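Peer 1: Could you have a look at this structure, given as structure tokens, before my questions?
Just so it is clear, none of the values below were taken in a lab; they were calculated from the coordinates. Please read these numbers as outputs of a predicted model, since none were measured by experiment. Please note: Cβ atoms are built from the backbone with ideal geometry, for glycine as well, and neighbour counts cover all protein chains shown.
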Amino acid sequence: MLLTPEVHDLIDRALQEDLGIGDATTSALVPPDLQASATLFAKQPGVLCGVEVAAAVFRRVDPSLLVEQVLRDGDVMERGSVALRAGGSAASLLTAERTAINFMQHLSGVATLTATYVEAVKGTGATLIDTRKTIPGLRSLEKYAVRCGGGHNHRQNLGDGVLIKDNHIAALKLQGVSLGDMVRMAHARASHTIKVEVEVTTLEEAEEALDAGAQLLLLDNMPAELMGRAVELNRGRALLEASGGINLDTVRAAAESGVDLISVGALTHSAPALDISMDVSYLG
């Protein structure tokens, strides 16, 4: 289900971006009948993601290419691990190379960073989740990469749930609406299938939101000690999400506070690309 029409459209746009009116270098220098085999391999350890997309890129450039996915998304790679092999027209392989690798490097980077965070909270019971801080157009693939790394997804889009954040609260308080009334208003106006989450910064706000029926609380930039007090105050009434300023140095303490969820925007907006390269062997 990864290669949806949306993803195929994204591949087409990426190829159009890179190719423009054609590959001038390959067209000028590489004989059209030259055959080759190529391997895409990791130059550093990490979690693979995007191999299926990369394979689709090669097939989109030239349906006659023989493409083999050696590893699967979510597999752990060592330095030198081969993820994909392709064979056929050398010109086609060279033309597809950069776009295929771009997808794999970025998505593998997201999966690898996610796996690092998941390992950091192992044994605590907390679930690591992403945010909507994604590269425009790449959200579905980046959230897929988070899952490949062992994480889970928050909202896919604004329609997936009600999340009353600081700017909503500030706007409505100017109109005399209390935090509790905002929660009740959201329950009354939103679909019964949608849960209501509220961003809180103090225990007083947490208590008011809980009393009004909030199903999730986003504990915004709270120190771990205050998160622990929020857990005690909550008494299991809602799911608690730690968010804001969490990094690899602080995520374990947040998890040990007893929260249910930890959201980390860096999984998608700051993941370094995993170093992946293509080696080509030309056939006589």
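Peer 1: Taking amide hydrogens as modeled 1.01 Å from N in the peptide plane, which residues meet the under 5 Å criterion relative to LEU163, leaving out close sequence neighbours?
Peer 2: GLU197
Peer 1: How many angstrom lie between the Cα centre of the stretch 231-246 and the Cα centre of the stretch 21-45?
Peer 2: That distance is 51 Å.
Peer 1: Normalised by the number of residues in the chain, what is the relative contact order in percent for Cα pairs under 8 Å and 6+ residues apart? Write out the running numbers ahead of the final one.
Peer 2: On the way: 547 pairs, mean separation 65.5, N = 284.
Averaging sequence separation for qualifying contacts and normalising by length gives 23 percent for the chain.
Peer 1: Here is a further query. Taking the Cα centre of the chain as origin, work out the dipole magnitude from +1 charges on Lys and Arg Cβ and -1 charges on Asp and Glu Cβ, in debye rounded to 20. Walk me through the numbers before you get to the answer.
Peer 2: Details: 24 positive and 36 negative charges, 57 e Å.
Approximately 280 debye in magnitude.
Peer 1: Next question, about the same structure. Pairs of Cα atoms under 8 Å, at least six residues apart: use those to get the relative contact order of the stretch 145-243, whole percent.
Peer 2: 23 percent
Peer 1: Dipole size in debye (nearest 20) for the stretch 48-202 around its Cα centre, Lys and Arg Cβ +1, Asp and Glu Cβ -1? Working shown, then result.
Peer 2: Numbers: 18 positive and 15 negative charges, 73 e Å.
Around 360 debye, computed over the stretch 48-202.
Peer 1: For the chain, build the convex hull from the C-alpha positions and give me its volume per residue in Å³.
Peer 2: In the chain, the Cα hull volume divided by residue count equals 143 Å³.
Peer 1: Of the options GLY22, SER89, ALA242, report the single residue whose Cα projects farthest towards the positive end of the charge dipole of the chain (beta-carbon charges: Lys, Arg +1; Asp, Glu -1).
Peer 2: Result: SER89, furthest along the dipole toward the positive end.
Peer 1: Let me ask something else about it. When the Karplus curve 6.51 cos²θ - 1.76 cosθ + 1.60 is applied with θ = phi - 60°, which whole-Hz ³J(HN,Hα) does each residue of the stretch 22-30 get, with x for Gly and Pro?
Peer 2: x, 8, 4, 5, 5, 4, 7, 10, 9
Peer 1: Which order do peptides 90-101, 74-85 fall in by mean Cβ count within 10 Å, highest first?
Peer 2: The densest-packed peptide leads the list: 90-101, 74-85.
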